[in-house]
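Any read-out appearing in this document is the output of simple, stated calculations on the displayed coordinates, not a laboratory observation. Please read all numbers here as calculations on a predicted model, not as lab measurements. In this analysis, Cβ positions are derived from the backbone assuming ideal geometry, glycine residues included, and neighbour counts consider all displayed protein chains.
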Amino acid sequence: MKLSAKIISIALLFSGVVSNAQVTCDSIAGIAGNYLNKGTENSIYISDGQVYRAFLQDDESAEFSTTFFGGSTYRIAVSAGQREDYVIFDVLDEQDMLLFTNADQGNAPYWDFKVTNTIQCKVQTRLDPNKKSSGCAILLIGFEKKTN
Amino acid sequence: MSVIFYYLRRLFKANKKPFMKHRFEQIMLSTVLVLTLLGSCEEPEPIVEGPLGPVRVPVEIIENSKQFDLNGQIFSIPSPVQTAILIKESGADFNEGLLNPKEQADEYSTMFQKATNLGVYGADLGYATIYENTNISLDYLTPVRKLASEVGVENAFNEDLIERFSANSTNQDSILVFISEAYQSADNYLKTNDKSYQAGLILAGGWIEALHFSCMVAKNGNEDVKFRIGEQKSTLKSLVALLHSLDVNGDDYEEFVIGMEELYASFDQVSSTYTYREPLTYPGDKLTVINSTNEVDISDEVLEIISVQVADLRELIIQ
């Protein structure tokens with residue numbers, strides 16, 4: 001009976017560990033969410049409703065294609081933890097020309113993109129190897145709407 | 001954590017008893033201790049090598065990170081709310097007849113129908129909100145909540161959301177943020193709980209509904225919206241790849257995927273000419289202006305074919 005109680009306690013603790021790690025990824029999503037509306041005046045950034053997440057190790061990168069509609073301004077927000085500079089992201093066009101890298105901006109956790117004409121972009125995300133070796137990385141995209 | 005150390009102290013002190021009797025508990029508790037330490041290292045400082053070795057995340061998290069991941073690619077689908085904004089900016093009037101009647105939500109029985117229509121009603125909700133039709137927006141919360149509950153994401157559309165929605169019903173911006181956050185929360189939940197199928201179908205349903213709005217508006221000669229439709233070609237390519245990556249079967253799903261492939265074949269007749277122009281970055285404003293140009297050419301004939309196919313796909317979803 002005593003042993004069963006201990007095993008149940010262990011199981012509960014174990015499930016707590018997994019859940020704790022899950023919360024970690026969720027809490028990183030919360031940090032990225034805060035970047036989505038940081039420092040804005042007379043406008044808001046509305047999420048596209050998706051959470052882009054990847055578990056990255058060493059030099060692994062996650063890549064996705066997206067459409068930026070002309071006449072719009074977008075914000076890309078990234079996070080892999082409480083420090084702002086864990087994640088490097090590059091934005092490339094359909095010819096793989098580099099349009100932007102936050103590595104040139106101190107690994108800024110968010111950046112805005114004013115798009116003149118509709119373009120297809122690739123966004124590549126990786127951890128800065130000098131700052132974090134592995135972990136959950138979250139990227140959010142929002143589009144700007146001027147406030148009424 | 002202190003509870004674990006307490007148990008460990010007790011067990012290892014109790015070695016007067018036969019070792020084998022406690023070996024199982026010792027192994028289990030040691031495992032829990034190690035995993036707990038790893039779990040508590042969720043915010044490791046840069047490359048800290050502790051006595052336990054490199055930080056590892058439980059397999060479940062790694063598995064859950066693979067959502068929408070195909071050969072290292074993650075899919076991104078533009079928001080139907082943004083499409084609604086672009087439609088309004090083109091000067092088109094609101095048309096309630098474009099919405100899927102809210103009563104239809106009672107008719108959906110398969111997971112394919114429930115998930116895709118959760119996306120459809122989300123787009124309807126966004127469209128009505130953009131045009132500041134508060135009563136319609138509030139009405140459409142009912143089918144959204146019903147289907148969200150049946151898809152398993154009721155927490156994202158809980159009472160708190162309804163209260164915030166009602167309390168801010170005259171503030172369009174707040175409502176749009178609430179809708180987007182709720183869908184984002186649902187997306188996050190589904191992806192982390194190995195339900196990428198539902199997450200993918202919600203996106204597909206929302207995209208088809210927003211494209212349906214665009215096709216109906218373009219039919220009336222709105223050139224701006226016509227080109228917006230042509231610009232969706234790459235998104236459709238991502239969407240088809242996403243649908244293929246989902247581990248699912250079923251007649252309605254398969255018919256839908258075939259229809260989407262046929263739609264892509266039509267979109268393949270939309271041509272575009274991209275020209276790179278050097279972007280300008282303004283570090284002080286955290287802003288980059290992307291100056292590249294992209295000219296889309298979509299003929300009226302192709303638009304007509306696309307409109308018919310989109311109507312058929314929408315009918316397959318909402319029937």
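Assorted remarks:
- Net charge of neighbours whose Cβ lies under 12 Å from the Cβ of B:V248, counting Lys and Arg as +1 and Asp and Glu as -1: -3
- Relative contact order computed over the range B:64-318 (Cα-Cα under 8 Å; 6+ residues apart), in percent: 24
- 18 Å Cα-Cα threshold exceeded, pairs from A:K122/A:K145; A:K132/B:K191; A:K114/A:K145; B:K114/B:K146: A:K122/A:K145; A:K132/B:K191
- Taking other C-beta atoms within 10 Å as the exposure proxy, B:V225, B:V302 rank B:V302, B:V225 from fewest upward.
- As a proxy for reagent exposure, B:T129, A:T67 were ordered by neighbouring Cβ count within 10 angstrom, fewest first; the result is A:T67, B:T129.
- Taking other residues whose beta carbon is less than 11 angstrom from the beta carbon of B:T116, and scoring Lys, Arg as +1 and Asp, Glu as -1, yields 0.
- The range A:18-83 and the range B:237-306: distance between their alpha carbon centers, rounded to Å: 22
- Cα pair distances of the range B:242-306 binned at 10 Å [whole percent]: 16, 26, 24, 23, 11, 0
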